[in-house]
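For reference, the structure discussed in these notes is given below.
The values are calculated or read from the model by the stated rules, or taken from the named source; none is laboratory data. All values derive from a computational prediction rather than experimental measurement. No Cβ is skipped: glycine too gets one built from the backbone with ideal geometry, and neighbour counts run over all protein chains shown.
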Amino acid sequence: MKNILISNRGEIAIRVAKAVRELGYVAVGFWTDNEPDAIHLEYCDKWIHLEGKDNTETYLNIDQIISLVKEHKIDAVHPGYGFLSENTKFCARLEEVGVTFIGPHAEAILKMGDKAISKKMASDAGVPVVPGSKGEIESATEAAKVADECGYPVLLKAVAGGGGKGMRICYDAKELDKNFEAVRREALSSFGNPGVLVEKFILKPHHIEVQIIADKKGNVYHCFERECSVQRRYQKVIEEAPSPFIADDEDLRQDICQTAVKLAKAVNYNSAGTVEFIMGEDKSFYFLEMNTRIQVEHPITEEITGVDLVANMIKAALGEDLDFKSQDDIKRNGHAIECRICAEDPVTMLPAPGKINGFETTFPQGIRFDHCIFNGLEVKPDFDPMIGKLVGYGHNRNVVLRKMRSAIKGLYIEGIKTNIPLHEKILGEENFVAGRYTTNYITEIKPQDSVADLVQIENLYEKAVAIEMNLIR
Amino acid sequence: MSFSNQEKREYLTNLNAEAELGGGEARMARQHDQGKYTARERINKLLDPNSFLEFDKFVKHNCNSFGLEKQKYLGDGVVTGIGTINGQQVAIFSQDFTCFGGALGMAYAKKICKVMDFAIENKVPMIGINDSGGARIQEGVESLAGYAEIFHKNVQASGVIPQISLIMGPCAGGAVYSPAMTDFIFMVDKTSYMFVTGPEVVKTVTHEEVTKDELGGAHTHNEKSGVAHFICSDEDDCLERARELLSFIPSGNFMKPVKGYTADSVNRDNHKLKDIVPVNAKKPYDMKEIIMEVIDDKHFLEYQRDFAKNIICGFASVGGNKIGIVANQPAVLAGCLDIDSSTKAARFIRFCDAFDMPILTLVDVPGFLPGTNQEHGGIIRHGAKLLYAYSEATVPLITLITRKAYGGAYDVMASKHIKADINLAYPTSEIAVMGADGAVNIIFRNELKGLTGTDYDKKKAELVKDYETKFANPYKAASLGYVDEVIFPENTRSRIYKYLEFLKNKNEIRPNRKHGNIPL
Amino acid sequence: MRYYIINSDGKEVSFDITASQKTQSGSVSFNISAEDKSAHQYFVKSLAGKNYISKDQLSWKKAPEISDLSGLVNINESMKVYRGFKPSGLSKANAGELVTDMPGKIVKVLTTIGAVVNQGDTLLILEAMKMENEIKAGCDGVVKSVHVKEGQAIESGHLMIEIEE
């Protein structure tokens, strides 16, 4: 029986462990000193101690992980998302010791991990890219020339940046001139690479991404698209599949999905991954980047297609056949929405670690909640503030919204601040309900401002009565 | 002409309203100006809403001297009665400064004695809010008699019900003896003071110039004299601290404290304690850190926090069991025992013993503080108080030696020999007659005689090391059964909880006698 | 039982809860009397191992499940719950002044004027009662003045170091 190590924690570790066991393998999980009672261990057969005080010493410590992999005769490692999932060194070290990395081959990670290289590859493969510089820009004058060509506004972007860092919008030549050196300096200090690109900045953009699943036998498929436009500070808040903006435009859907497949094939992709696009109001779309890992929002694709992405990812890595034989086997049906539940202040959206001392779920039919929450969980600052993903599936978008509204009311977490009230507001906000939103949704509509309306003293009385009831019994 | 029912009801309503005004609106406003609440406001804030049942609201004094018959207040300047605090029944009196300056007369004293009798007979804690100018001179010796009757009742109640005094204003002259005999004295910073003779008299007799606050304010009694047990920043704080205290202590003797609720698991490991005791014996550490690690929810109500800081006393709970904690503080005076710390701990222990509260003792004591101050001050009889208190106690006693336990101080700090129930020690503990340095000087005097300079240092170091290996550990004591168990620090909390559970039903009988003769 | 619910800004809500006997239907009634003298009544009933709460004994909803008193959250305010009494608000003595409370000898001074220090940093070693006491900074800040030097014998109450926060 193969030992498959899940080199991650939290809800994704649970998700992967479920798939590992489902496939009949032994799920091996890590526990650390600052989280000895992690709930993901419940889904693992073997528990290994990963020593260290913080993430650098534990989940990011390639040396220790490799030595544990050797010691416990691990056959394959699933890195989850974040941590070492897109680290080519880790990939290479696993290969050295003959252990399978459950993800794409190292070259794909390397090429798609660099913004400049991936943009060039996309362009070469005939994938539309955001107009702008072909590679790194060395001077402000060169930047101005490119900007004139593609038209203002433009975005100055660090090549090695990510997660929204190292980017500045310039609305005219003067702003471009002013910001150029600053972005280069920022890029050097934050990412160690001063390389900067200039790109056309799309107004009223939609963030549309296509799920790719491929095997080691040369088969590359897509599982349709997702829209993740509800974001703040470039972190996704709500995702849905399929995209309400694309809606019934099947031609556009096919176009964008096939384009994604084209790019994946160009790098000989052989695992699960996501190709991200930015789409303007005029429905023209441009390649943004490719994420060569399983993503947080994969459940909504699983819901509308019935495809188990994680299980298939493992099967692909082990050289087995996927669950389906052709693109036609993958059909979409219905609609799904995911709300990321995070330990953060619902108004300021800043992380708010703390200890959970109450947890209850009362959901309607059609809800899936992937989480790592339990009564007593201490959400620590060095871990991801995202503690769960509330996913709803329904016949169509209105049905899903209805179910999600009921589900969010039935999700009770006590002891820490969460963004549950924010989701409650968004799910009832008229623009979101109408499916009318771009990546500027949060900054323009500001749903967080009305969250304070939900504060009522009655809430406190009820909680106090509940506490008293437990104590006097 | 007879009155109708309606008129009779109105009469009562009006009388009630008059009584509640005490000395009048103007005087009540003056209380507020000084940052003080009125007597009734204090009761209403302290007690649960609508739980106060007042006694003797319409009592008036009978004095006919000096024209006092012209001024009579309903209630005669003190509010007494019973009520609940967080559901716990208590008896309370609150002195009303707006009536004659809160001065005590015969009727007033009788009211207090009545509610104290009630408290004793019904086993509820007695809370006294003191805010009084002293005796009512016009009533002459009757005032003094009134005080004496109260003092007598204080003593009858002592050890039967907890008695708590909240000093929220002046408390001077003979009046101080009532709080002095109660179990807990709370003083409010800046607005309360206690002294037997005030600054004016002091000036005329000893020619010292001193303010009321310096002579007997909250800081003085909490830091210098050891008269008060708690200091509060304002009246609200004082009332809250009183509530906090009541959550730990039982309502009366022979009534064990109710087990409380805590979410703090009793099996929680004390990892932090592994390294808390420094290996270098010269390095001090904060004993409070050990206490905080072991108890529930880090909730420790410290008793006489600012007095005799070399010993820590206070209430806490372990697994919901309310206990008293006595611990040497190595960070202050190296944890030595002296006059003040001995008397502080002795009184605390006797309270816990009287009210069936188990005592946890944490020991790290190098001995008694040397010096003429101590010797001439009577460390002999004061230290004996501590020894007496521990020996007399029949409540469960759990002792944990964390580091040093030398000489007589080892015996005094709840050792096995004075009938502590469970004696534990950390691997870092040293139970010996004295430290290595001193011991070597005495035992190996001959070996060291005549040596000087580096030869002396080398030989001494060798002998010290030898002594340390043989005696600087708990194992000699363990081999004789003087220590029940040498435990790993990380198991401290769970161990203590388990022992407390076993000792719940401890029943020790002592020979019958009128009472012992504790050195005072 | 008095409840104090205090949020991180110090804003306080306090009220008293009194529980009464079980009613005929098996529910326990709780009466809340708030600071503003308003009164509220809630009923709690146990069903399938969970508690349900109602204001009128007709409409019931699941009562919040709270296992310990450490924290409550009301939408975007996290608050601490105190049951029975409010904890002490006595401010600590001026953390910027390091005063010794025992006589002793300064063995080592580990800081200088102008040094940036963090709370808990050891600033000097004082030998007293044959113990080497590490005197630590009570707050973050910059050392404003050092009033002692190595080898100096000092009395208790001596101001040793001042830190500007």
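Here are a few things to note about the model shown:
- Residues that are more than 30 Å from the chain's Cα centre (by Cα) and within 15 Å of A:CYS170 (Cα to Cα) were ranked within region A:124-141; the one that is surrounded by the most Cβ atoms within 10 Å (Cβ to Cβ) is A:ALA140.
- Among the residues of region C:120-157, those that are within 19 Å of B:GLY371 (Cβ to Cβ) and either more than 14 Å from chain B (Cβ to nearest Cβ) or surrounded by fewer than 19 Cβ atoms within 10 Å (Cβ to Cβ) (or both) comprise C:GLU127, C:LYS130, C:ALA153, C:ILE154, C:GLU155, C:SER156, C:GLY157.
- Of the strands (runs of 3 or more DSSP E) that lie entirely inside region C:64-165, those containing 2 or more residues that are in contact with a helix residue (DSSP H, G or I) (Cβ under 8 Å, 6 or more places away or on another chain) and modelled with pLDDT of 80 or more span C:72-74, C:77-83.
- Number of positions in region C:1-23 that are touching a helix residue (DSSP H, G or I) at 6+ places or on another chain (Cβ under 9 Å), touching a residue at least 40 places away in the same chain (Cβ under 8 Å) and within 14 Å of chain B (Cβ to nearest Cβ): 4
- Across region B:245-253, not a single residue is classified as of a type in the set (Ser, Thr, Tyr) and farther than 27 Å from B:ASP183 by Cα.
- Residue within region B:446-453 that is of a type in the set (S, T, N, Q), part of a helix (DSSP H, G or I) and farther than 30 Å from B:ILE276 by Cα present: yes
- The residues listed here are B:VAL279, B:VAL202; of these, the one that is away from every other protein chain (no Cβ under 11 Å), in contact with a Leu (Cβ under 8 Å, 6 or more places away or on another chain) and not hydroxyl-bearing (Ser, Thr, Tyr) is B:VAL202.
- Residue pairs meeting the criteria (Cβ under 7 Å; at least 6 apart or on separate chains; first without any contact (Cβ under 8 Å) to a residue 40 or more places away in the chain and in a strand (DSSP E or B), in region A:217-237; second polar (S, T, N, Q) and crowded, with 22+ Cβ neighbours inside 10 Å): A:GLU225/A:SER243; A:GLU227/A:SER243
- Flag if C:SER46 is surrounded by 17 or more Cβ atoms within 10 Å (Cβ to Cβ) and farther than 30 Å from B:CYS238 by Cβ: no
- A:ASP384 vs. criteria touching a strand residue (DSSP E or B) at 6+ places or on another chain (Cβ under 9 Å), surrounded by fewer than 21 Cβ atoms within 10 Å (Cβ to Cβ) and part of a strand (DSSP E or B): no
- Tally, over region A:415-443, of residues that are within 14 Å of another protein chain (Cβ to nearest Cβ) and in a loop (DSSP other than H, G, I, E, B): 5
- Residues of region B:132-172 that turn out to be within 26 Å of the chain's Cα centre (by Cα), crowded, with 19+ Cβ neighbours inside 10 Å and hydroxyl-bearing (Ser, Thr, Tyr), as a count: 3
- Residue in region C:48-85 that is nearest to the other protein chains (Cβ to nearest Cβ), counting only those that are touching a residue at least 24 places away in the same chain (Cβ under 8 Å) and hydrophobic (A, V, I, L, M, F, W, C): C:PHE85
- Residue count for region A:187-215, restricted to those that are over 17 Å from A:GLU276 (Cα atoms) and assigned to a strand (DSSP E or B): 3
- Restricting region C:24-47 to residues that are hydroxyl-bearing (Ser, Thr, Tyr) and more than 9 Å from every other protein chain (Cβ to nearest Cβ), the residue that is farthest from C:GLN57 (Cα to Cα): C:SER38
- Within region C:25-63, being at positive phi and either out of contact with any Ser or Thr (no Cβ under 9 Å at 6 or more places or on another chain) or at pLDDT 85 or above (or both) holds for C:LYS37, C:ALA48, C:GLY49, C:GLN57.
- Reported count of residues in region B:288-321, each being within 13 Å of chain C (Cβ to nearest Cβ) and either of a type in the set (Lys, Arg) or touching a Pro at 6+ places or on another chain (Cβ under 9 Å) (or both), is 6.
- When A:ILE408, A:ILE426, A:ILE445 are screened for being of a type outside the set (Gly, Ala, Ser), touching a residue at least 24 places away in the same chain (Cβ under 8 Å) and within 14 Å of A:SER229 (Cα to Cα), only A:ILE426 passes.
- Within region B:466-508, tally of residues that are more than 21 Å from B:THR428 (Cα to Cα) and over 26 Å from the mean Cα position of the chain (by Cα): 2
- Residue check, A:LEU84 surrounded by 16 or more Cβ atoms within 10 Å (Cβ to Cβ), under 24 Å from the mean Cα position of the chain (by Cα), of a type in the set (A, V, I, L, M) and not in a helix (DSSP H, G or I): yes
- One residue stands out among those in region B:10-46 that are among the β-branched types (Val, Ile, Thr) and surrounded by 21 or more Cβ atoms within 10 Å (Cβ to Cβ): the one that is farthest from the chain's Cα centre (by Cα), which is B:THR38.
- Number of positions in region A:386-408 that are out of contact with any Leu (no Cβ under 8 Å at 6 or more places or on another chain) and within 14 Å of another protein chain (Cβ to nearest Cβ): 1
- Count of residues meeting criterion [β-branched (Val, Ile, Thr) and at pLDDT below 90] in region A:114-128: 1
- Pick from region B:370-403, criterion without any contact (Cβ under 8 Å) to a residue 40 or more places away in the chain and surrounded by 24 or more Cβ atoms within 10 Å (Cβ to Cβ), ranking: nearest to the other protein chains (Cβ to nearest Cβ): B:THR399
- Among the residues making up region A:354-373, a single one is within 11 Å of chain C (Cβ to nearest Cβ), touching a residue at least 60 places away in the same chain (Cβ under 8 Å) and in a loop (DSSP other than H, G, I, E, B): A:ILE356.
- In region A:329-353, the residues that are in contact (Cβ under 8 Å) with a residue 24 or more places away in the chain, within 14 Å of another protein chain (Cβ to nearest Cβ) and hydrophobic (A, V, I, L, M, F, W, C): A:ILE341, A:CYS342, A:ALA343, A:VAL347, A:MET349, A:ALA352
- The residues in region A:96-120 that are farther than 18 Å from A:ALA187 by Cβ, in a loop (DSSP other than H, G, I, E, B) and free of Cβ contacts under 8 Å to residues at least 60 places away in the same chain can be counted, and the count is 3.
- One residue stands out among those in region B:281-299 that are in contact (Cβ under 8 Å) with a residue 24 or more places away in the chain and either among the basic types (Lys, Arg) or surrounded by fewer than 17 Cβ atoms within 10 Å (Cβ to Cβ) (or both): the one that is farthest from C:GLU127 (Cα to Cα), which is B:ASP297.
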